[in-house]
Amino acid sequence: RAPADGRLTRGAALIATGVLLTTLCGVWVSLSYTDNAVTRSPLFTQMLQWARGADGASGSAGRNVLANIAHVVAVGQGYGYPINES
């Protein structure tokens, strides 16, 4: 809780930032390992394979990050859309 002047101490600000980042990382990891009907579809699987590289190799780290972002967005929309609509 901030004092009367509304400014957090340096330690409190670091703790608040740590809690926020830990929460965001936890949500990201949980969405990375969760599947839904979209991510199980053949079209989405084909898109991820194309994004990671057509040769079937592991691909570069950047391509794997982009594939993970697409997966997290596809799963996260199922949870975020109803919340935003309400």
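The values are calculated or read from the model by the stated rules, or taken from the named source; none is laboratory data. Source: prediction; values computed, not measured. Reconstructed Cβ throughout: ideal geometry from the backbone, glycine too, with neighbour counts over all protein chains shown.
For this structure, a couple of remarks:
- The one condition from (1) surrounded by 13 or more Cβ atoms within 10 Å (Cβ to Cβ); (2) part of a helix (DSSP H, G or I); (3) free of Cβ contacts under 8 Å to residues at least 40 places away in the same chain; (4) not aliphatic (A, V, I, L, M) that G76 does not meet is (3).
- Total residues in the stretch 27-64 satisfying the condition of being loosely packed, with under 11 Cβ neighbours inside 10 Å, at pLDDT 85 or above and not in a loop (DSSP other than H, G, I, E, B): the figure is 3.
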